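Okay, so here's the structure we're looking at.
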Amino acid sequence: MFQFVLQWLLSTITFMIVANALPGYSLDNGPWEAMLAGVVIGFFNALLGAVCRVITAPVVLILLAIFMFFVNTVLILVASHYLDGLNVSGTETAAWGALILTGLDAAFRILQRPN
């Protein structure tokens, strides 16, 4: 119960800050409207939040994988700059290397899982 009240209070404060910071965003009745907005949005979040998270999870995972691919490409390029024995001829080669290394790493992790 305490966690709920604390979250509601923080939401109220957040709404008041946003209403004062952004033009075109206002609360007609001040803190009371902010408290009501916190309850209504909390209610909608409880009803629809879980559904939206399930629906958007695949997109989030795909975007995370793409981001990690780019991070791995950059890390390979940086490592090749600092290691004399690792020679990568360009960004395209580093990208292909990142793709293959990520795929093989995932396969090895799957094989290492206990049954």
Candidates 68, 16 - the one that is touching a Pro at 6+ places or on another chain (Cβ under 7 Å) and of a type outside the set (Ser, Thr, Tyr) | 16
Would it be correct to say that residue 61 is open to solvent by 90 Å² or more (accessible area, probe 1.4 Å), assigned to a helix (DSSP H, G or I) and not β-branched (Val, Ile, Thr)?
-> yes
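Residues being outside any loop (DSSP other than H, G, I, E, B) and open to solvent by 90 Å² or more (accessible area, probe 1.4 Å): count how many of those fall in segment 26-39.
Counting residues in segment 26-39 that are outside any loop (DSSP other than H, G, I, E, B) and open to solvent by 90 Å² or more (accessible area, probe 1.4 Å) gives 2.
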Checking residue 23 against (1) part of a loop (DSSP other than H, G, I, E, B); (2) in contact with a helix residue (DSSP H, G or I) (Cβ under 9 Å, 6 or more places away or on another chain), which test does it fail?
-> (2)
So residue 11 fits all but one of (1) open to solvent by 70 Å² or more (accessible area, probe 1.4 Å); (2) assigned to a helix (DSSP H, G or I); (3) over 30 Å from residue 101 (Cα atoms); what number is the exception?
-> (1)
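The values are calculated or read from the model by the stated rules, or taken from the named source; none is laboratory data. This structure is a prediction, so every number in the text was calculated from the model and none was measured. We place every Cβ from the backbone using ideal geometry, glycine too, and count neighbours over all the protein chains shown. The accessibility values were calculated without ligands, DNA or RNA, using every heavy atom of the protein model including side chains. Shrake-Rupley method; radii C 1.70, N 1.55, O 1.52, S 1.80 Å.
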